[in-house]
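Undergrad: I'd like to ask some things about the structure below.
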Amino acid sequence: MTNTRAKIGFGDALDDLASFTPAKPTKTVAEPNAAAAVGFTRREPSAIHENVTAPQKVQRRRRTGRNVQINIKAKQETLDRFYAAVDAMGCGVGEAFEVAVDLLETKISES
């Protein structure tokens with residue numbers, strides 16, 4: 001193998017680039033109403049939506065030794081009532097679930 005490159009036909013035309021100066025980039029400014037005139041809609045959030053914030057959820061994490069997860073579907077009203085009861089009790093969600101199971105067992109045994 002040789003260490004020379006193969007000739008591709010340009011010759012010495014690329015050796016002398018001293019007179020080359022790159023063109024300066026030009027910034028084009030689009031007309032602000034051009035997109036609306038053609039029917040495009042803006043994707044930026046409007047000022048109305050910037051001030052609206054979603055309510056922050058309360059973190060209810062505690063280290064309790066509970067390591068099994070339960071995943072259920074419920075109505076939003078039921079979950080709101082459950083979390084309101086948890087907040088009123090001042091305990092964690094897992095502890096409130098244990099209290100609810102105890103109450104269910106008591107109700108079943110009374111029947």
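The values are calculated or read from the model by the stated rules, or taken from the named source; none is laboratory data. Predicted model only: the values in this text are computed from it and were never measured. Cβ: placed from backbone, ideal geometry, glycine included. Neighbour counts: every protein chain shown.
Undergrad: Residue by residue through segment 75-92, note down the ones that are loosely packed, with under 15 Cβ neighbours inside 10 Å and in a helix (DSSP H, G or I). Steps first, answer last, please.
TA: Going through segment 75-92, the residues loosely packed, with under 15 Cβ neighbours inside 10 Å turn out to be 75-81, 84-85, 87-90.
Answer for segment 75-92, where residues must be loosely packed, with under 15 Cβ neighbours inside 10 Å and in a helix (DSSP H, G or I): Gln76, Glu77, Thr78, Leu79, Asp80, Arg81, Ala84, Ala85, Asp87, Ala88, Met89.
Undergrad: Can you confirm whether segment 26-45 contains a residue that is out of contact with any helix residue (DSSP H, G or I) (no Cβ under 8 Å at 6 or more places or on another chain), surrounded by 10 or more Cβ atoms within 10 Å (Cβ to Cβ) and either more than 30 Å from Phe97 (Cβ to Cβ) or at pLDDT 80 or above (or both)?
TA: Yes: one or more hits.
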